[in-house]
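Only one structure is covered here, and it is reproduced in the block below.
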Amino acid sequence: MLVFLRSCFFLLFQIVITPVFAVIALLTFPLPRLTRYRIITTWSRLITGAASLVCGVRYRIIGADNVPREPCVILSKHQSAWETLAWQTIFPPQVWVMKRELLWIPFFGWGLAMLSPIAIDRGSGARALRQMAEQGRERLAAGFYIVIFPEGTRIAPGTRGTYHPGGAWLTVKTGALALPVAHNAGACWRKNAFIKRPGLITVSIGKPIAPQGLTAAELNQRIEEWIESEMPKLDSYGESDTRAA
């Protein structure tokens, strides 16, 4: 019952602040992109903070020192909505590669549009890849990291999705470092689940991989192997392994 009530309060908090921040996001349009990012992502910080305070969804980070100083491509496991919010707190300013339909969602999509995402039409094939490469180079040059979920959709804990090579392809094309990230957020915040269960999420950041000399397929395989081999270890890490929180 307590978990249910906490989840109700958390949902109410989201309902109250999301329209407010959608309006704020639209008002930031004349501002520089980095300024817009810092203002708009306050919403994500408030939501992840509320998830911790109200629902008891906490997190710790393993390997925070592995995040390179220069912008890179972050290739992450995808289990829940939690990481789409928390990455804006954990990693430097970033943009996402996403399907353009997400920008059509009322309120939420409006805020996304102001964050300069790389929004692609997955059905347009080669044209989508060219767009991703062109905009990816521009975003990296502007100082933004790029977040990609290679599995393309949220995958339930204990299961493994297909790692699509688009993120690795972008990394090879731009020459940026690839940063693999594993986490177990789905244990607390499942796909489309109203109930948010208290617990400690472990985020493990691997060492960056240089794409030089690798094909997109080879890089994609290395990313997949690291993430999937790391997943079973997440619950076993102790406090001494934690780099930041």
Where in the stretch 1-43 is the amide nitrogen less than 11 Å from a point lying 7 Å along the Cα-to-Cβ axis of residue 107? 11-23
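Magnitude of the Cβ-charge dipole of the chain, K/R +1 and D/E -1, about the Cα centre, nearest 20 debye? It would help to have the intermediate numbers written out before the result.
Working: 27 positive and 16 negative charges, 104 e Å.
Using only the charged Cβ atoms, the result is roughly 500 debye.
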Quick one: Cα centre-to-centre distance for the stretch 212-238 and the stretch 105-174, in angstrom? 19
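At a 10 angstrom cut-off on C-beta neighbours, averaged per residue, how do the peptides 139-145, 166-172, 156-162 rank from highest to lowest?
On the way: 139-145: 17.7, 166-172: 24.4, 156-162: 12.4.
In descending order of packing, they fall as 166-172, 139-145, 156-162.
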Can you work out ³J(HN,Hα) from phi for every residue in the stretch 63-78, in order, using Karplus 6.51 cos²θ - 1.76 cosθ + 1.60 and θ = phi - 60°, giving whole Hz and x for Gly and Pro? x, 4, 5, 7, 5, x, 6, 7, x, 9, 9, 8, 10, 10, 4, 10
Sorted from largest down, what three extents in whole angstroms do the Cα atoms of the stretch 72-116 have along their principal axes? 26, 21, 17
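Could the peptides 14-26, 174-186 be put in order, highest first, of the mean number of other beta-carbon atoms found within 10 Å of their residues? Intermediate results must be reported in sequence, preceding the final value.
Working: 14-26: 14.8, 174-186: 22.8.
Packing proxy ranking, top to bottom: 174-186, 14-26.
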Separation of alpha-carbon centers, the stretch 196-210 and the stretch 46-62, rounded to whole Å: 13
Note down the nm distance, to one decimal, between modelled labels 7 Å out along Cα→Cβ at residue 162 and at residue 131. 2.1
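What do the square roots of 5 times the Cα gyration tensor eigenvalues come to for the chain, in whole Å, largest first, as semi-axes of the equivalent ellipsoid? Numbers along the way, then the final one.
On the way: eigenvalues 144, 111, 52 Å².
Semi-axes (√(5λ), whole Å): 27, 24, 16.
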Using Cα positions and a limit of under 23 Å, work out the lysines in reach of residue 99, with same-chain residues fewer than 8 apart set aside. 77, 173, 191
What are the ³J(HN,Hα) couplings of the stretch 132-138, residue after residue, when phi is run through the Karplus curve with 6.51, -1.76, 1.60 and θ = phi - 60°? Round to Hz, x for glycine and proline. 5, 5, 4, 6, x, 4, 5
Signed unit charges on C-beta, dipole axis of the stretch 2-244, positive-most listed residue 15, 176, 91: 15
Percent antiparallel among DSSP beta bridges confined to the chain, nearest 5, equals 25
Dipole of the chain, positive end: most advanced residue of 39, 198, 166 [Cβ charges, Cα centre]: 39
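Pull out the extension gain between residue 235 and residue 14, defined as 0.36 nm times the separation in residues minus the alpha carbon to alpha carbon distance; nm, one decimal.
On the way: separation 221, 0.36 × 221 = 79.56 nm, distance 2.89 nm.
Result: 76.7 nm gained on full extension.
Rule-based calculations on the coordinates, nothing more; no lab input. None of the values given here were measured: they were computed from a predicted structure. In this analysis, Cβ positions are derived from the backbone assuming ideal geometry, glycine residues included, and neighbour counts consider all displayed protein chains.
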